[in-house]
Amino acid sequence: MSAASLHSRTAGKPSAGIPPTGRGGAPRKARRNRRWMIFSLLPVVLFFVVLSVFPVFNLIGTSLYDVRWSGGDSTYHFIGLENYRQLFSTEVIYWAGLRNTLIFAVCAVTAQMILGFSMALAVKRAGAMGRTLLTGIFLLPIVVPPIVIGSVWRLVLGREFGLANGFLGLFGIPPVDWLGNPDIALASVIFVDVWHWTPFVFILMLAGLEAIDEEVLEAARMDVRSSWQEIRHVIVPMMLPTIVITLMFRIILSFKVFDEVYLLTSGGPGTATEVVNFSIYRVFFNQDRVGYGSAMAVITLFGMTLAIIVGRGLLVRKRKNDERKLEQ
Amino acid sequence: MKSRSLGRAVSTLTIWLYAAIILVPMVWVMTNAFKYKIDIITGTVFAPITWSNFEALLFSRQSNFASALANSAIVSGTATIVIIIMATMAAFTMTVMRVPNWVRWSILGWALLFNMLPTLTFVGSWYLMFASADLTGTYFALITTQIVNLLPIALFLMMSFMASLPPELIQAARMDGCAYDQVFWKIAFPLVRGGMIATTALVFIFSWSDFAIALTLSNSDTMTAPVAISTYAQEFEIRYGEMAAATLLTIVPAITLILVGQKFIVRGLLAGAVK
Amino acid sequence: MKTITARLLAGSTAIAAVATFAAAANAADTVRIAINQSPWLDSFIEMVDLYESETGNTVELDVVPFTGLLEKIRNSLRAADGDYDIVNVNALWLPEIYSAGYLKPLAEIREGYKLGDGTLSYGGTTYWDSTTGTFSEDGQLLGVPLNGNVQVLYYNSEIYDRLNLEVPQDWDGLIANAKAIQAEGDAYGFVPRAARGSIVYNFTPYAYTQNGAYVTVKGDKSVEVSINSPEVLKALEVYLTLANEAGPPNPGAIAQGEMIQLMSTGRGAQTIGVIAAWGSFENPNESRVAGKIEATLIPAGPTGTRASSAGHWVAGIAGNVSPERQDAALDFLDWFQGLDVQTAYVRAGGVPVRGDLGKTDLGQSEEFRFIEAYSENAANAVMALPFPQANEVSDALALRLNQAVIGELEPAAALNDAADAIAEIFEREGYDVSRLPAL
């Protein structure tokens, strides 16, 4: 929805200046344009219709059922909102997971956005040599499959033999149980996620920065005093479409985090690092309660929507404030 | 002036410190590929070198990692190409052309909804669909599900890059009598190349490391690299050595692709500057 | 534009061609097995090779990561026509798979078929009684164990010798040993596997040697939730004493991987763990204590009760494949239980599914000295969650036990909480539920 409104805004731009019909051969060109429109959109629509409509409706529909297998056959009992009632009345683990996921999403995404953006700026300003080297290094973590990230960081952060404690030991700092201590386990998981996914933001910010027209930038530079102001009042507004989309997908992806946490902590100790996708996985697959698991997925969808609306709202409002300040 | 150069030094230092935070665990993982398990779990930095992990990975009866890598390349390569073509064209049309509002809203709304629901809850439905067509375990099933799964993110990213195209250029081309397909090829496509490369890289990486879909829809012949890697995270132990070796073999193609892609980014920029 | 369309078309044709190619294959006379990747897989593959060379039949293995196996099995068993003839089912999944009726009873494939004489049933877990909804030898035989696995008590004999410790016969003895080792300071006295994903399985021998039980099945759709009994509370206190007074810090995060890591590096002196870990301890490339770890009986409770928890794998034959395939599958499973085959299986590094190998020359060999401890513990193996809701009950119980370990809940409160949660599950499923008074 944030994206949709974004584009209804941008979509108005070209058409505003272009007369609805051109000069000669207008009907032929209109036909050609319509053909292009259909040609370019049809494959996307086809893919969605064939491969995503059934799964999504199946998911939402299943959340109203209790599915059972006996005699090698399934039976679907319609139970209305019973799965939701149960989710809101007796569920414990899922809600702990949702709370953690919200904390996780806010902290990890904020850190990733700031870090990714700064890294992109740094690379853009670096010399040719440093640029290639830094881009290569900064992108490395994202290339490693999440399943490996989980198991590797479990070793690195291990209390007894972990690399992290080994390093701290050089300075005489006593070992920390990064993943075993319930008070800091979630922070450790967030750190790992930031380490892994910042390149996602970095690569998109870099592409966004490269796309900015140098002349426009030069012209804008005249009006600002410091490089901080330049970033805040020139670069960020110009990259806003990319920033908003990146933020939105980072929020979505952080709600979907699974493989990493699965091998890193499996949600423990207690519910310290439980995340929603892990609860859904457990109910959906281990316990084979697809109806209840679907209800969790639907409720998570609402939570996620809320987070995106709030996140985008903060960003856009902040920008409006900034613009107002600049005008003053 | 003095404070400025000091600030620059501090920021350079910070950047390289961050690079070190990335590199150190990375290098450590890679060296694990050449160690015995006992040295890995005790965190020994300098340990005797062994090739046994690679041997187990490539030549044992349990594992056929080379074929898993080939499967990954086929699946991710095909899916990425199809996705990027479809997403770029659709993003252009929806950003630049006057698409009926209900079409725009249906496509974007649906893409977002679909992307926000957890993928792992769809896998069962997909399995049912492909099983009824007798297509489970085929490349076809893996590729088409990868495409639909990553299409939303590619679509939105490409739209955001299309949105930063200068409107004046498109207007000018339209005034010159270009139809929209010509505007796409002549103006949008060259200018948005940087964004396209970034999107391609991300889509490829996501597809390359997908685990949830491939796990259910592949079989022993079409198993992809991440699924093969996950077989080393077992019920009774995590076989770190083999896992590290597998990771090393998996990320080398991806890194190569990124470094090559980077060249294209720079070249794409130059082309944009000349325009 | 035309060329692009043409290219797209050509591309999709190519994909479809490849797809068809991959979908073909599979002759009808091969036995298709879904099996998990594991440390014992290599030895199983050796047996498959042996079978193929002895009989000329072929066996095809689909090796799946442990995480994905259950879903793969379900998908195949639920399809109109199954992908697999034999599915390898983990002990915890057995009630679900059995009760759903996916598997073909072995006696329906071959009239009067019975398990081999020496073959273990691990507390009757190869049988399912659909009238009472639990494991029982009165029910139908639905599978043959493919890999044995139970918990045993491991100890580091070097540390025992140094401190002059005896092999403990009861829990007090184990605690005393653990505290003595911890006091010396070189190694942790005892390593619990108390992470959420591990703790229910790990805690089972404690509870059952105290004559406790999590849930007692009393008949058709009737259970007693007995987790909050004084016996289980005593067991939890023993568990917490070992975990918090003689073990590594933050035991609530120790899963199987950490446990094996601590033991094989010599940092842990004693643990209760699966026999499948034996290979890791004995392999000098994975362990600093190769040859120094011994396996023995898990300590007895105050009344002398012994117990271990079963974590074995059972092979079932799919109901949704042709009778010829089912017949071929049973041929393989029948062959697999033979004494010679099982002896060869052990020599190749597998955990046997027979209880009588201690009497063979394997029992005398130093290399296979675990066989006796394994057989003794296997005879005491219990399945603590013998009902189709096993996974759900296990998750509910695991959370509370883990919270007791990390100190979020008092032991009695943890068990009361668990009892409430478990009772809720059974009530929702329409069971007749009886409860104990709160602790």
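The values are calculated or read from the model by the stated rules, or taken from the named source; none is laboratory data. Note that the structure is a prediction, hence the values are computed from the model and not measured. Here the Cβ is made from the backbone with ideal geometry for all residues, glycine too, and neighbour counts use every protein chain on show.
Results, tabulated for the structure shown:
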| item | result |
| --- | --- |
| Meets criteria (hydroxyl-bearing (S, T, Y) and surrounded by fewer than 20 Cβ atoms within 10 Å (Cβ to Cβ)) for C:S365 | yes |
| Failed item, numbered, when B:M158 is tested on (1) at pLDDT below 90; (2) in a helix (DSSP H, G or I) | (1) |
| The stretch C:279-326 - residue that is small (G, A, S) and free of Cβ contacts under 8 Å to residues at least 12 places away in the same chain and, of those, nearest to C:G124 (Cα to Cα) | C:G304 |
| Checking A:V44 against (1) in contact with a strand residue (DSSP E or B) (Cβ under 6 Å, 6 or more places away or on another chain); (2) not in a strand (DSSP E or B), the condition it does not meet | (1) |
| Odd one out for C:T131 among (1) within 15 Å of C:G316 (Cα to Cα); (2) not in a helix (DSSP H, G or I) | (1) |
| Residue match in the stretch C:208-215 (condition: closer than 19 Å to C:G273 by Cβ and either assigned by TED's automatic domain parsing to the domain that holds C:W171 or surrounded by 24 or more Cβ atoms within 10 Å (Cβ to Cβ) (or both)) | yes |
| Of all residues making up the stretch B:66-88, the number that are surrounded by 23 or more Cβ atoms within 10 Å (Cβ to Cβ) and away from every other protein chain (no Cβ under 12 Å) | 1 |
| Helices (runs of 4 or more DSSP H) lying entirely in the stretch A:129-223 (those with 2 or more residues that are within 17 Å of C:G257 (Cβ to Cβ) and within 13 Å of chain C (Cβ to nearest Cβ)) | A:146-156, A:185-211 |
| Selection status of C:L357, surrounded by 20 or more Cβ atoms within 10 Å (Cβ to Cβ) and assigned by TED's automatic domain parsing to the domain that holds C:P145 | yes |
| Test: residue in the stretch C:146-157 that is in contact with a Leu (Cβ under 9 Å, 6 or more places away or on another chain), surrounded by 23 or more Cβ atoms within 10 Å (Cβ to Cβ), within 14 Å of chain A (Cβ to nearest Cβ) and in a strand (DSSP E or B) | no |
| B:A214 vs. criteria closer than 22 Å to B:L257 by Cβ and either touching a residue at least 60 places away in the same chain (Cβ under 8 Å) or within 7 Å of another protein chain (Cβ to nearest Cβ) (or both) | yes |
| Filter result for C:L240 (assigned by TED's automatic domain parsing to the domain that holds C:E286 and closer than 30 Å to C:D432 by Cβ) | no |
| Residues of the stretch A:251-271 satisfying the condition of being among the small types (G, A, S), buried (at least 23 other Cβ atoms within 10 Å of the Cβ) and facing chain C (nearest Cβ under 10 Å) | A:G267, A:G268, A:G270 |
| Sole exception among (1) more than 25 Å from B:T199 (Cα to Cα); (2) buried (at least 19 other Cβ atoms within 10 Å of the Cβ) for B:T31, by number | (2) |
| Single condition A:Y94 does not satisfy, out of (1) without any contact (Cβ under 8 Å) to a residue 60 or more places away in the chain; (2) assigned by TED's automatic domain parsing to the domain that holds A:P269 | (1) |
| Tally of residues being at the interface with chain C (Cβ under 7 Å from one of its Cβ atoms) and at pLDDT 90 or above across the stretch A:272-286 | 1 |
| C:S38 of a type in the set (S, T, Y), within 11 Å of chain B (Cβ to nearest Cβ), within 21 Å of B:P226 (Cβ to Cβ) and in contact with an Asp or Glu (Cβ under 9 Å, 6 or more places away or on another chain) | yes |
| Set C:D129, C:D85: member being under 23 Å from the mean Cα position of the chain (by Cα) and buried (at least 23 other Cβ atoms within 10 Å of the Cβ) | C:D85 |
| Flag for B:L150 being part of a helix (DSSP H, G or I), more than 14 Å from the chain's Cα centre (by Cα) and more than 9 Å from chain A (Cβ to nearest Cβ) | no |
